[in-house]
Amino acid sequence: MQPDQASTSIIPVAPGQSRGIVRLVNAVFYAHHGVTQEEHRIGGRYEVDVAMELNVEEAARTDALEKTVDYEGVYRLVREVVTGNKFYLIERLAYRIAHQILEAYPIVEAVEVTVRKPNPPVGGACDRAEVTYSCRRA
């Protein structure tokens, strides 16, 4: 999925139930992840998408922030994980973001995190490398 495209997927919902997806799309950070020492030293741009599945019915009916996930808080959490660590792999970064969200926000039932690294050092022209990690509460 391109950062500027909205997903058209529909969550399977049982009759009488409702679900929603709250997204942060293309949050951009400068951080120091990568396999090479140069990547850790110089750093680079990282782009993150987060999709969180939850029941938004009560929030929609009551217009109450405490009945949904606060995406400003999620953004702060993502920023802290991305900029406060140095990982070799973007897979590790996506994993950590996803599990931190599930830990911090009990209302979130499932999360999908995509981390993009524009212009990765692959020895040739390449727009980006990216990984998507998804997990659901037990």
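Among the residues of the stretch 92-100, not a single one is in a loop (DSSP other than H, G, I, E, B) and either in contact with a strand residue (DSSP E or B) (Cβ under 9 Å, 6 or more places away or on another chain) or under 22 Å from P12 (Cβ atoms) (or both).
When the stretch 15-37 is examined, which residues are found to be farther than 25 Å from T68 by Cα and among the hydroxyl-bearing types (S, T, Y)? Listed by number, the residues that qualify are Y30, T36. Identify all residues within the stretch 57-71 that are more than 13 Å from the chain's Cα centre (by Cα) and either over 22 Å from N26 (Cβ atoms) or not in a loop (DSSP other than H, G, I, E, B) (or both); write none if there are none. Matches in the stretch 57-71: E57, E58, A59, A60, R61, T62, D63, A64, L65, E66, K67. Residue pairs whose Cβ atoms lie under 6 Å apart, sitting 6 or more positions apart in sequence or on different chains, and linking a residue in the stretch 41-63 that is farther than 20 Å from P118 by Cα and at pLDDT below 95 to a partner that is part of a strand (DSSP E or B) and open to solvent by 80 Å² or more (accessible area, probe 1.4 Å), do not occur here.
Just to be sure before I move on: is R92 in contact with a Phe, Trp or Tyr (Cβ under 9 Å, 6 or more places away or on another chain) and surrounded by 13 or more Cβ atoms within 10 Å (Cβ to Cβ) in the structure I sent?
Spelling it out, it is not the case that R92 is in contact with a Phe, Trp or Tyr (Cβ under 9 Å, 6 or more places away or on another chain) and surrounded by 13 or more Cβ atoms within 10 Å (Cβ to Cβ).
Within the stretch 9-56, which residues are touching a Leu at 6+ places or on another chain (Cβ under 9 Å), in a strand (DSSP E or B) and over 23 Å from C135 (Cα atoms)? Matches in the stretch 9-56: A31 only.
Test V122 against the stated conditions and say whether it is β-branched (V, I, T) and modelled with pLDDT under 95. First the steps, then the outcome.
Working: β-branched (V, I, T): yes; modelled with pLDDT under 95: yes.
Against the criterion (β-branched (V, I, T) and modelled with pLDDT under 95), V122 qualifies.
Quick one: which residue in V122, V108 is open to solvent by less than 20 Å² (accessible area, probe 1.4 Å), among the aliphatic types (A, V, I, L, M), in a loop (DSSP other than H, G, I, E, B) and on the phi < 0 side of the Ramachandran plot? Walk me through how you get there before you give the answer.
Working: V122 fails: open to solvent by less than 20 Å² (accessible area, probe 1.4 Å).
One residue alone meets the criteria, V108.
If you go through the stretch 99-131 and keep only what is without any contact (Cβ under 8 Å) to a residue 40 or more places away in the chain and within 21 Å of E53 (Cβ to Cβ), you end up with H99, Q100, L102, E103, A104, P106. From the list V50, V113, V131, the one residue that fits, being over 15 Å from V22 (Cβ atoms), open to solvent by less than 60 Å² (accessible area, probe 1.4 Å) and in contact with an Asp or Glu (Cβ under 8 Å, 6 or more places away or on another chain), is V131.
The values are calculated or read from the model by the stated rules, or taken from the named source; none is laboratory data. All values derive from a computational prediction rather than experimental measurement. Glycine gets a Cβ as well: all are built from the backbone with ideal geometry, and neighbour counts include every protein chain shown. Remember, those area values only see protein heavy atoms, side chains included, never the ligands or the DNA or RNA. Shrake-Rupley method; radii C 1.70, N 1.55, O 1.52, S 1.80 Å.
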